[in-house]
Amino acid sequence: MKKMFTLIAALAVVLVISACTNLVKQDADLAQVEGSLTYRERIALPHDARITVTLSDVSLMDAPAEVVSSQAFMADGKQVPFEFSLNFVKSEIKSGHTYAISARIEVNNKLMFITDTVNPVITDSAATTKLNLVLIKVK
């Protein structure tokens, strides 16, 4: 009976170590793009403003961008600048593709601010992973 218990305990230890090793490998393949977003207007956002930041593969000209990672949160009374951090899996990034960050702020499901330029990251010439976005007011 002791041998059986020892065998089961040893098997459990091996399984735990294997699971931890897989987690470490997965974490090693994770990276992130981070930064902040703001706008020039001197307007306070309402409490229920929704901020969305998206990392997308924008390589194909005649097709919708493929979302790689996205983060959305409520302003909850806070004001710009807002910090963001988007995780992505490095092995899923294709070297010949173009990736970009975009952001938007909505109030009552109505667009209020948005990025109006391409903000390249990851595979651009500088391999950018940190940037500061300035959104424009939608009229």
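The values are calculated or read from the model by the stated rules, or taken from the named source; none is laboratory data. Bear in mind the structure is a predicted one, so any value in this text is a computation, not a measurement. FYI the Cβ positions are ideal-geometry reconstructions off the backbone, even for glycines, and counts take in every protein chain you see. For the accessible areas, the whole protein counts, side chains as well, though only heavy atoms, and no ligand, DNA or RNA atoms are used. Shrake-Rupley method; radii C 1.70, N 1.55, O 1.52, S 1.80 Å.
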Checking the structure you have, find out if any residue of the stretch 87-98 is open to solvent by less than 30 Å² (accessible area, probe 1.4 Å), closer than 19 Å to Asn132 by Cα and either touching a residue at least 60 places away in the same chain (Cβ under 8 Å) or among the aliphatic types (A, V, I, L, M) (or both). no
For the stretch 36-66, name all the residues that are among the small types (Gly, Ala, Ser), out of contact with any His (no Cβ under 6 Å at 6 or more places or on another chain) and within 24 Å of Gly96 (Cβ to Cβ). Ser56, Ala63, Ala65
Scanning the stretch 66-86 residue by residue, those open to solvent by 50 Å² or more (accessible area, probe 1.4 Å), outside any strand (DSSP E or B) and of a type outside the set (D, E, K, R) turn out to be Gln79, Pro81
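Please specify each residue of the stretch 107-133 satisfying the condition of being part of a strand (DSSP E or B) and either open to solvent by 40 Å² or more (accessible area, probe 1.4 Å) or of a type in the set (Ser, Thr, Tyr) (or both).
Residues of the stretch 107-133 that are part of a strand (DSSP E or B), as a first pass: 107, 110-114, 120-121, 130-133.
Residues satisfying the conditions are Lys110, Leu111, Ile114, Pro120, Lys130, Asn132.
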